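> Take a look at this one; I'll ask things after.
The values are calculated or read from the model by the stated rules, or taken from the named source; none is laboratory data. Remember, predicted model here, so these are calculated numbers, not experimental data. For neighbour counting, all protein chains shown are included, and Cβ atoms are generated from backbone atoms with ideal geometry for every residue, glycine included.
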Amino acid sequence: MSAEPGTISRRQLRFGSPALRHLEWPSFDARGGEDGPHLAIIAGIHGCEYSSIAAVVELMRGLDAASLKGRVTAVPIVNLESHRQRTPFVSPADGKNLNRCFPGDLRGTYSDQLAHHVHNEVIAPADALIDLHGGDMVEALEPFALYDGSPVEETARAMAVAFGLPYIVRTEREGAPIGGTTSAAAADAGVPAVTAEVGGRGLLEAGAVAAHVRGCRNVIRQLGMLEGPVEPAPGPQHTVDRFVWLRCRRAGWWQPSVRVGDEVPAGGRLGAVLDAYGDELEVIEAPEPGVPLFITSSPAVADDGLLLGLGAGIRPLAEYAGSDPV
């Protein structure tokens, strides 16, 4: 059942696909006192990103539905199996990364089926999407917001800017380091989306929760669903033209030489992969100037292991296309 106007209801989502029938997804459904856009908010696509999960619950428990224009549908933990078994990145049900499986496939395994239902029943019916993330159990992270190049990117970019994080990353489908994401599938469905990344290393951090809640409220205001101005970002914002993901060739002991948020020059040393005796197997250098936006914080890395994501082509937000930032 849907919530009455001006109220927030709690309900359990159930999906009929074979791999999902034993599960129930807690969700919130806030119906405003007036008509307006329908916003979907999700978290827990990766089940160990705890600050983003907590932020959805805090946001919805504190939302005044009577003052809301439109509707907010929120699912705090999308990947229940990953969350319950404390499995970073991939689902223990099938070993797949859920954020590579959208828009999903009913003929596939757990992650494919889950992506299909979340896309069709939560994302596609909405007018906008916020997907909350953070560094997983073995990732340190500098806060950033990401949106996709698409016919609806003007609105998506405005949402990303309004979220108020230091870095704003635009990704193009061609040449992107990954595919099958919630934001890309949403864009294909004509739904502007922002992915917000705050927090990391499997920690529940009050500051990260607060940043997510603040960002969501700003986007809700930016969409005209709550009265009041969008709060200015707490610090400078920068656009990121390219997201370069760096990997090692061989398994070993990853020892970074930089921290997230550090400015590094082209050719600058980012770290090294060592063998069990402490000898360098491979030195990792920056292919161009940039800022590490995430770094694998676990020393143990596998063959072709992901080490860090370098934001490149960084400019102050005010310089972006010479236009108004929002």
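> Looking at the structure I just gave you, is residue 276 out of contact with any strand residue (DSSP E or B) (no Cβ under 8 Å at 6 or more places or on another chain) and more than 26 Å from residue 173 (Cβ to Cβ)?
No; evaluated as a whole, the condition is false for this residue.
> In addition: Which residues, counting only those in segment 1-28, are in contact with a Ser or Thr (Cβ under 8 Å, 6 or more places away or on another chain), farther than 27 Å from residue 89 by Cα and either at pLDDT 95 or above or among the hydroxyl-bearing types (Ser, Thr, Tyr) (or both)?
Scanning segment 1-28 gives 2, 9, 10.
> Another question, then. State yes or no: is residue 217 farther than 20 Å from residue 71 by Cβ and either in a loop (DSSP other than H, G, I, E, B) or more than 12 Å from the chain's Cα centre (by Cα) (or both)?
Spelling it out, it is not the case that residue 217 is farther than 20 Å from residue 71 by Cβ and either in a loop (DSSP other than H, G, I, E, B) or more than 12 Å from the chain's Cα centre (by Cα) (or both).
> Right, here's the next one. Among the residues of segment 78-88, write down those that are surrounded by fewer than 20 Cβ atoms within 10 Å (Cβ to Cβ) and in a loop (DSSP other than H, G, I, E, B).
Across segment 78-88, the qualifying residues are 85, 86, 87, 88.
> Is it the case that some residue within segment 113-136 is β-branched (Val, Ile, Thr), buried (at least 19 other Cβ atoms within 10 Å of the Cβ) and either within 23 Å of residue 244 (Cβ to Cβ) or not assigned by TED's automatic domain parsing to the domain that holds residue 101 (or both)?
no
> So how many residues does segment 292-315 have that are outside any strand (DSSP E or B) and aromatic (Phe, Trp, Tyr)?
Looking only at that region, the number is 0.
> Out of all the residues in segment 287-326, which are in contact with a Leu (Cβ under 6 Å, 6 or more places away or on another chain) and at pLDDT 95 or above?
Matches in segment 287-326: 290, 292, 294, 295, 296, 307, 308, 309, 311.
> How do the pairs read when you match residues in segment 199-214 that are in contact (Cβ under 8 Å) with a residue 24 or more places away in the chain and assigned by TED's automatic domain parsing to the domain that holds residue 50 with residues anywhere that are charged (D, E, K, R) and in a helix (DSSP H, G or I), using Cβ under 7 Å and keeping only pairs 6 or more apart or on different chains?
209/58; 213/58
Matching residues to (1) at pLDDT below 95; (2) assigned to a loop (DSSP other than H, G, I, E, B); (3) over 12 Å from the mean Cα position of the chain (by Cα); (4) on the phi > 0 side of the Ramachandran plot:
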residue	(1), (2), (3), (4)
116	no, no, yes, no
122	no, no, yes, no
135	yes, yes, no, no
161	no, no, yes, no
184	no, no, no, no
204	no, yes, yes, no
208	no, no, yes, no
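> Would you tally the residues in segment 1-57 being assigned to a loop (DSSP other than H, G, I, E, B) and either among the aromatic types (Phe, Trp, Tyr) or under 25 Å from the mean Cα position of the chain (by Cα) (or both)?
12
> Right, something else. Is it true that some residue in segment 241-250 is without any contact (Cβ under 8 Å) to a residue 12 or more places away in the chain and not in a strand (DSSP E or B)?
No; the residues of segment 241-250 include none that is without any contact (Cβ under 8 Å) to a residue 12 or more places away in the chain and not in a strand (DSSP E or B).
> Go through (1) in a strand (DSSP E or B); (2) touching a residue at least 40 places away in the same chain (Cβ under 8 Å); (3) crowded, with 21+ Cβ neighbours inside 10 Å and name the single condition residue 253 misses.
Going through (1) in a strand (DSSP E or B); (2) touching a residue at least 40 places away in the same chain (Cβ under 8 Å); (3) crowded, with 21+ Cβ neighbours inside 10 Å one by one, residue 253 breaks only (3).
> Might you let me know whether segment 66-75 holds any residue that is in contact with a helix residue (DSSP H, G or I) (Cβ under 7 Å, 6 or more places away or on another chain), surrounded by 23 or more Cβ atoms within 10 Å (Cβ to Cβ), farther than 18 Å from residue 115 by Cβ and not small (Gly, Ala, Ser)?
no
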